[in-house]
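Trainee: What follows is a structure written as structure tokens; I'll ask about it next.
The values are calculated or read from the model by the stated rules, or taken from the named source; none is laboratory data. Bear in mind that the values here come from a model prediction, so they are computed numbers and not experimental data. Every residue, glycine among them, receives a Cβ derived from its backbone with ideal geometry; neighbour counts consider all protein chains shown.
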Amino acid sequence: MNRKSFIKSVFGAAGGAALPPMTVRAAEGDASAFREPARSLPVVAGCDILVCGGGPAGIAVAVAAARGGAKVRLLELRGSLGGIWTSGLLGCMLDFGRGALANELLSRLDVFGARRGYSYAVNDPPYAKDVYEPEYMKAVCEAMCREAGVKVQLDTRVVAAYRDSQSRNVDAVVTESKSGRQAWRARMFVDSTGDGDLAAFAGCGFDIGFAKDGRDQPASMMAVLSTPDADALKPFLLNCGGEYGAVTRAFRSEIRRAGLVPSYGNPTLYRLTRNLVLMMANHEYGVKIDDAAGITAATMRARSENIAIAAALARLGGPWDGLRVAATAEQLGHRTARRIHGRYTLTRADVIAGARFGDAAGESRFPVDVHALTKSGDAVSNMGVKAKPFQIPLSAMRARELDNLYMAGRCISGDPVALASYRVTGPAFQTGETLGRRLAEAVKKMP
């Protein structure tokens, strides 16, 4: 058999088709630039609502809208739904439990025995937490979307968005995946990417960081650790009845006794099961959400720190004997994002006043929680703001410059102080549910 026949027999038998070659020439006279050739993209069958980002907010929007009768597609960057809950191994749901969809999600976790609820007083009033097992959260999120009829595509990144030249609307979103480059059309679009990627690609205005210097809150990487008996670590576990400050100080002292200084000043441990605990001991400062190289370096640095801390604790022996890293998060957890300009901007004054709105989509009861902007700063600060429960209006979730683009999650319109309260997943999920319902109602009225 000659070489040509051999290649044909091997690759032809596999049923694969060769990709057409793309021969191009670099931009003439400019070795630093490359001109990508224009090409037509396949348009995926349209839908009523395209939700970009399958984290907590995106799931809530998609499920609520689909249950309301809308045809919904949900695109997610990672290999599972849940976003920070799952790929980020967040492990706890802050300010959670308001709304029918939130209570349903908690009930579904309870079917698996995968949730432990508790509360503690960080300030007045106390706020509730739910600790959950991330693998079961994946299953719950996927089941809710599947049963609602949401069409999901994973491992798909939004890379561009184009406006309709004849209106104030988004015309199409472009993604990259194993299916190549695809275009998606819908009547309405929702940016639930967390970082506000879709809105930024569509040319919407946005703000990042604190106005004075542009610096923003640090990112963190979570880790799940295995231990022979989590009960032996009770003095260091935040969800086992201890006072927040005393427990975090005790855990920090143990890390330092092991010879390390954690990058996060208030390191925490949560009990997941008898043999699994969740650790947040990492801070990555100055990580820009649109800097791939910087995110890569911070991710590797964070993972290395988590593994080093676990190994150092294990060498102490005693209650730490046998401690191992079971998993580190697939992604860094960013506390902040692009704050997309909306029809209304939530402010520090709204947080202080406990603002009420006629178009309220939900409420934040979480305190202002700003993690140190630099390693030398206080671990956590409320920026001098005593927060009252305040409502989040739908007008802060609708893009100022585009009529068919909405935001859900931490990229909604607000200043950095307001964001420091509403950024947690409870308000994101509740407001996402309301937005999904309202969009489904609006679709029904369209011609």
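Trainee: Answer yes or no: is there a residue in the stretch 366-380 that is surrounded by fewer than 24 Cβ atoms within 10 Å (Cβ to Cβ) and part of a helix (DSSP H, G or I).
Mentor: no
Trainee: May I pose another question? Quick one: how many residues across the stretch 250-266 are without any contact (Cβ under 8 Å) to a residue 40 or more places away in the chain and within 20 Å of residue 221 (Cα to Cα)?
Mentor: 4
Trainee: Among the residues of the stretch 302-345, write down those that are assigned to a loop (DSSP other than H, G, I, E, B), in contact with a Cys (Cβ under 7 Å, 6 or more places away or on another chain) and at pLDDT 95 or above.
Mentor: Listed by number, the residues that qualify are 338, 341.
Trainee: Given the conditions (1) modelled with pLDDT of 95 or more; (2) in contact with a Pro (Cβ under 9 Å, 6 or more places away or on another chain), which single one is not true for residue 373?
Mentor: (1)
Yes/no per residue for (1) without any contact (Cβ under 8 Å) to a residue 12 or more places away in the chain; (2) in contact with an Asp or Glu (Cβ under 7 Å, 6 or more places away or on another chain); (3) closer than 16 Å to residue 266 by Cβ:
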{"position": "372", "(1), (2), (3)": "no, yes, yes"}
{"position": "376", "(1), (2), (3)": "yes, no, yes"}
{"position": "380", "(1), (2), (3)": "no, yes, yes"}
{"position": "397", "(1), (2), (3)": "no, no, no"}
{"position": "404", "(1), (2), (3)": "no, no, no"}
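Trainee: Filter the stretch 48-70 down to the residues that are surrounded by fewer than 24 Cβ atoms within 10 Å (Cβ to Cβ) and either touching a Ser or Thr at 6+ places or on another chain (Cβ under 9 Å) or not basic (Lys, Arg) (or both) and list them by number.
Mentor: Across the stretch 48-70, the qualifying residues are 48, 68, 69.
Trainee: For the stretch 313-359, enumerate the residues that are assigned by TED's automatic domain parsing to the domain that holds residue 383, in contact with a Pro (Cβ under 6 Å, 6 or more places away or on another chain) and not charged (D, E, K, R).
Mentor: Selection gives 344, 354, 357.
Trainee: Also, I was wondering about something else. Scan the stretch 271-294 residue by residue and report those that are assigned to a helix (DSSP H, G or I) and within 11 Å of residue 220 (Cα to Cα).
Mentor: Across the stretch 271-294, there are no qualifying residues.
Trainee: Inspect the stretch 320-339 for any residue being touching a Phe, Trp or Tyr at 6+ places or on another chain (Cβ under 7 Å) and either polar (S, T, N, Q) or farther than 27 Å from residue 97 by Cα (or both) and give the result as yes or no.
Mentor: Looking for residues that are touching a Phe, Trp or Tyr at 6+ places or on another chain (Cβ under 7 Å) and either polar (S, T, N, Q) or farther than 27 Å from residue 97 by Cα (or both), one finds none in the stretch 320-339, hence no.
Trainee: Kindly indicate the residue of the stretch 117-140 that is in contact with a Gly (Cβ under 8 Å, 6 or more places away or on another chain) and of a type in the set (A, V, I, L, M, F, W, C) and also modelled with the highest pLDDT among those meeting that condition.
Mentor: Checking each candidate, the answer is 137.
Every residue, every condition in (1) crowded, with 20+ Cβ neighbours inside 10 Å; (2) closer than 30 Å to residue 203 by Cβ; (3) among the aromatic types (Phe, Trp, Tyr); (4) in contact with a helix residue (DSSP H, G or I) (Cβ under 7 Å, 6 or more places away or on another chain), yes or no:
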position	(1), (2), (3), (4)
141	yes, no, no, yes
145	yes, yes, no, yes
151	no, yes, no, no
157	no, yes, no, no
167	no, yes, no, no
179	no, yes, no, no
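Trainee: Filter the stretch 93-109 down to the residues that are out of contact with any helix residue (DSSP H, G or I) (no Cβ under 8 Å at 6 or more places or on another chain) and within 14 Å of residue 138 (Cα to Cα) and list them by number.
Mentor: Scanning the stretch 93-109 gives a single hit, 106.
Trainee: Could you go through the stretch 199-206 and let me know if any residue there is farther than 14 Å from residue 401 by Cα, surrounded by fewer than 23 Cβ atoms within 10 Å (Cβ to Cβ) and hydrophobic (A, V, I, L, M, F, W, C).
Mentor: No, every residue in the stretch 199-206 fails to be farther than 14 Å from residue 401 by Cα, surrounded by fewer than 23 Cβ atoms within 10 Å (Cβ to Cβ) and hydrophobic (A, V, I, L, M, F, W, C).
Trainee: From the set of residues in the stretch 231-253 that are of a type in the set (Gly, Ala, Ser) and at pLDDT 95 or above, which is surrounded by the fewest Cβ atoms within 10 Å (Cβ to Cβ)?
Mentor: Looking at the filtered set, the residue picked out is 253.
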